[in-house]
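Every read-out reported here was derived from the displayed coordinates using simple, explicitly stated rules and does not represent laboratory data. Quick caveat: nothing in here was measured; it's all calculated off a predicted structure. Cβ coordinates were reconstructed from backbone atoms using ideal geometry, including for glycine residues, and neighbour counts include every protein chain displayed.
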């Protein structure tokens, strides 16, 4: 009877957006749903974050080089530290693998992990290994630090704050689309040789993202502490919903101000006449750019900073998060559903 009641009351994970799922799971806990846990009572805060990548869900070994996978896993964890305005210091790596992987394959994976650590001055200090019945599960825990006066949460945005993002959006998803297209063609004809010429930028954005520590340093040098911040891991719409829900506000961003690389437009035109570059930016994900808000008083400090784009502003509590099109129509932003393994 209990099993029957459970099934009748079952809610599929895919029915919830990621934002709503996190809100539900963290309700009544000390967790704020931020990119990192913030620990310590002194003038220097410790940041801790964990990122898990699962084969067949988060990466496909048919087109993911192991060295790139190691680099990407570490970069994602470091990006979470950057999203709290912090500096990464140490990392631990835990891995579960099946006997399908050789020692040499794991050497290649760790070469990528170490390469990213060296680039961002992070010490790889430990971890764990375990056996998996199928595939690989890779978990990176990163530890960082930030001055207590500079730690930036998702909450904190105020009415009329400027909304900014770094880099460009949608490129990683465009890279994934190219790889998936070539994969399908190869599966139909194993003699097919993938043609990836001309897609270097979007492929690198997907396979080897870079955490935007350069933006964190630029903001510090300019004397700007964001009022709220997160990284763009599941698309701009999802990131905006995180910030507005945590800050209890709305937002208005402008489609024509979204930074989108021309290669995204090219890929979209090749894939489908109905595929829009703005959709890649809003819902594609895995760009790992920084989305943040700043006070209006800091406009003069940030307007000339390289790699930072002002895309909108924060509206008052009760207003929805919207995007304004070039035709001056408004579209309410919504998070995409959380996609589980079976989907």
Have a look at 123, 327, 90 and tell me which one the Gaussian network model of the chain (Cα, springs below 10 Å) gives the largest fluctuation. 327
Quick one: if you stick a label point 7 Å off each Cα along the C-beta vector at residue 222 and residue 185, how many nm between them? 4.1 nm
Taking 0.36 nm per residue of separation and subtracting the Cα-Cα distance, what length does fully extending residue 48 through residue 133 add? 27.7 nm
When 146, 93 are ordered from fewest to most other Cβ atoms inside 10 Å of their Cβ, what list results? 146, 93
For the stretch 162-332, what is the relative contact order in percent, using Cα pairs closer than 8 Å and at least 6 residues apart in sequence? 41 percent
With springs only between Cα atoms under 10 Å apart, run a GNM on the chain and tell me which of 120, 101, 63 wobbles the most. 101
Test of understanding: ordering 280, 249 by Cβ neighbours within 10 Å, fewest first, what list do you get? 249, 280
Pseudo-spin-label distance residue 303 to residue 160, built 7 Å along Cα→Cβ, given in nm, is 1.6 nm
Over all distinct alpha-carbon pairs, what is the Kirkwood Rh of the stretch 35-147 in angstrom? 14.3 Å
Given 10 °C, 1.306 mPa s and a Kirkwood radius over Cα pairs, the Stokes-Einstein diffusion coefficient of the chain in µm²/s is 75 µm²/s
Centre separation in Å (Cα based) which lies between the stretch 45-60 and the stretch 95-138: 13 Å
One would report the antiparallel percent of DSSP beta bridges in the chain, rounded to the nearest 5, as 80 percent
Would you look at the GNM of the chain, springs on alpha carbons closer than 10 Å, and say which of 175, 285, 198 moves the most? 198
Nearest-0.05 FRET efficiency for residue 149 and residue 331, computed from C-beta distance (R0 41 Å): 0.65
Sequence of 116, 165 once ranked by neighbouring C-beta atoms within 10 Å, starting from the fewest: 116, 165
Specify, per residue and in Å³, the volume enclosed by the convex hull of the alpha carbon atoms belonging to the stretch 270-313. 112 Å³
Quotient of Cα radius of gyration and Kirkwood radius for the stretch 162-332, i.e. Rg/Rh, equals 1.02
